[in-house]
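Asker: Encoded as structure tokens, here's the structure I'll be asking about.
The values are calculated or read from the model by the stated rules, or taken from the named source; none is laboratory data. Given the structure is predicted, the values throughout are model-derived calculations rather than measurements. Here the Cβ positions follow ideal geometry from the backbone for every residue, glycine too, while neighbour counts run over all protein chains shown.
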Amino acid sequence: MGSTRFDPSGPLRGALRPPADKSISHRAALIAAMSEGESSIDGYLESADTRSTLAAIEALGATVESADATAPGDQIRIAGVGLQGAVSAAIDVGNAGTLLRLLPGWLAGQPGGTWKLDGDDSIRRRPVDRVADPLRMMGAGVSCRDERLPPLEIVGAPLRAIRYELPVASAQVKSCLLFAGLLAEGMTAIREPAPSRDHTERMLSAAGAEVEREGDLVTVRPASRLEAGHVVVPSDFSSAAFFLVGAAIVPGSELRLTGVGINPTRTGLLAILERMGAAVEVQASDRIGAEPVGVIAARFGELRGTEVGGEEVPLAIDELPLVALAACFAEGTTTIRDAAELRSKESDRIESVAAALAALGARVETAPDGMAIEGGGGLRGGVVDSHGDHRIAMMAALAGLASRDGVEVVGMDAAAVSYPGFEADLASLLEA
């Protein structure tokens, strides 16, 4: 595993369109595979995780025709197998946790089929009992290693609707159960303790499913068919977030990010950064299909510590490592709580973020559900091992730009899981 060095830099300046949204790309491909006829997806993300999803639906019987999907406007076409047409297969999900947790919902309700989902070493440490348990309550035949870890084996069976209260707000678990509800007898109802990203609800509704929300309750009725049609994927807010935080901590920075998805169930980071005193704003907004998009501007500002917890955590779960990075450059202490979900990501992101920042000179204390970062001193620099986690790799790269001595990132290639062009895009903003 090689290493890449990121030295203290000048400001981040210019304009950039971040890559396509990973969460929406996964869901678009899966819903297209469940649909009748041919669907098209504009701007499907080209990354290791999303390639795993395309390979999975092909193994299930769908056909995929794709051009180079890395540039906006490029398109893939998917001929679906319908809600009940998936063929038995062994599925390699690679490092794609979203695929691992969403796909079982669709497969579980197809009697006569058998499937085994497995992946890399990181995936084998990620719990799947959170989807296996409610699927069993619906009548599914699901088994996993030690009752909670992959590989996950599914034997299709007739499903019955349930009312299920999510113990922790999770868009992945919610989406899995919505997929299962399409094939279950009766109305499936899912209650969330706090709002989580709602891309699945939006996309299923657009494809013809009966999905409704009332307060914290989401319901879905059984469907006979879906038609995904034409889907356009906006730029990924989670990818844009790296540059928003980079601009906030590198003196003199000023940039604009275009075409970014600004679904309110994804943009909790904006409110957190504003509370910390960062200069970030949505300058224009529009709509692409079911999703709102916008232009986000960010520039350097004096930051102060804050508290992050409660209902805003699911709205910023993937960006919390970046909140911790920003906290190193803020006056006062920043506390992140109610975020135990971070321990079930590609790495234990509470421990891995704390270890990475501490190696660079930060003062961080961890807790079971979060961490506290004492700011004011910035970062010295040093060496960070990504341990295969794409978000740790990219966070450490930004830390290098704002540090005093620079940062060497071991395993920077992990960024390809979600953002293969990260280093090139970063360099373009430094040269602007």
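Asker: Can you work out which of the residues in the stretch 340-388 that are of a type in the set (D, E, K, R) and touching a residue at least 40 places away in the same chain (Cβ under 8 Å) is surrounded by the fewest Cβ atoms within 10 Å (Cβ to Cβ)?
Answerer: Filtering first and then ranking leaves Glu374.
Asker: Would it be correct to say that Phe179 is among the aromatic types (Phe, Trp, Tyr), outside the structural domain of Glu312 (by TED's automatic domain parsing), within 27 Å of Glu319 (Cβ to Cβ) and assigned to a helix (DSSP H, G or I)?
Answerer: So Phe179 fits the description; yes.
Asker: What are the residues in the stretch 157-183 that are charged (D, E, K, R) and either buried (at least 21 other Cβ atoms within 10 Å of the Cβ) or out of contact with any strand residue (DSSP E or B) (no Cβ under 7 Å at 6 or more places or on another chain) (or both), if any?
Answerer: Lys174
Asker: How many residues, within the stretch 282-301, are at pLDDT below 95 and under 23 Å from Val323 (Cβ atoms)?
Answerer: So the answer is 2.
Asker: Which residues, counting only those in the stretch 401-421, are crowded, with 24+ Cβ neighbours inside 10 Å, more than 19 Å from Ser47 (Cα to Cα) and within 24 Å of the chain's Cα centre (by Cα)?
Answerer: Within the stretch 401-421, Val409 is the sole residue that qualifies.
Asker: What is the residue count in the stretch 234-256 for residues that are assigned to a strand (DSSP E or B) and crowded, with 24+ Cβ neighbours inside 10 Å?
Answerer: Going through the stretch 234-256 one residue at a time, the tally reaches 1.
Asker: Would you check if there is a residue in the stretch 349-366 being within 23 Å of Gly10 (Cα to Cα), in a loop (DSSP other than H, G, I, E, B) and of a type in the set (Gly, Ala, Ser)?
Answerer: There is at least one residue in the stretch 349-366 that is within 23 Å of Gly10 (Cα to Cα), in a loop (DSSP other than H, G, I, E, B) and of a type in the set (Gly, Ala, Ser).
Asker: Hey, any hits in the stretch 126-145 for a residue that's closer than 23 Å to Ala55 by Cα and assigned to a helix (DSSP H, G or I)?
Answerer: yes
Asker: In addition: Examine the stretch 266-273 for a residue that is closer than 19 Å to Pro19 by Cβ and of a type outside the set (A, V, I, L, M, F, W, C), and state whether such a residue exists.
Answerer: Yes; the residues of the stretch 266-273 include at least one that is closer than 19 Å to Pro19 by Cβ and of a type outside the set (A, V, I, L, M, F, W, C).
Asker: Now for a different question. With crowded, with 18+ Cβ neighbours inside 10 Å, on the phi > 0 side of the Ramachandran plot and not polar (S, T, N, Q) as the only criterion, which of Gly259, Gly229, Gly215 stands out?
Answerer: None of the other options fit; the residue is Gly259.
Asker: Just to be sure, is Ala372 outside any strand (DSSP E or B) and more than 17 Å from the chain's Cα centre (by Cα)?
Answerer: When the stated conditions are applied, Ala372 does not pass them.
Asker: Might you let me know whether the stretch 103-120 holds any residue that is under 22 Å from Ala340 (Cα atoms) and either in the same structural domain as Ala62 (by TED's automatic domain parsing) or polar (S, T, N, Q) (or both)?
Answerer: Looking through the stretch 103-120, none of the residues is under 22 Å from Ala340 (Cα atoms) and either in the same structural domain as Ala62 (by TED's automatic domain parsing) or polar (S, T, N, Q) (or both).
Asker: How about the stretch 1-39: which of its residues are charged (D, E, K, R), more than 23 Å from the chain's Cα centre (by Cα) and in a loop (DSSP other than H, G, I, E, B)?
Answerer: Across the stretch 1-39, the qualifying residues are Asp7, Glu36.
Asker: Residues Leu99, Leu117: which one is part of a helix (DSSP H, G or I), of a type in the set (A, V, I, L, M, F, W, C) and on the phi < 0 side of the Ramachandran plot?
Answerer: Answer to the selection: Leu99.
Asker: Is it the case that some residue within the stretch 40-62 is assigned by TED's automatic domain parsing to the domain that holds Glu201, in a strand (DSSP E or B) and under 25 Å from Gly181 (Cβ atoms)?
Answerer: Yes, the stretch 40-62 contains a residue that is assigned by TED's automatic domain parsing to the domain that holds Glu201, in a strand (DSSP E or B) and under 25 Å from Gly181 (Cβ atoms).
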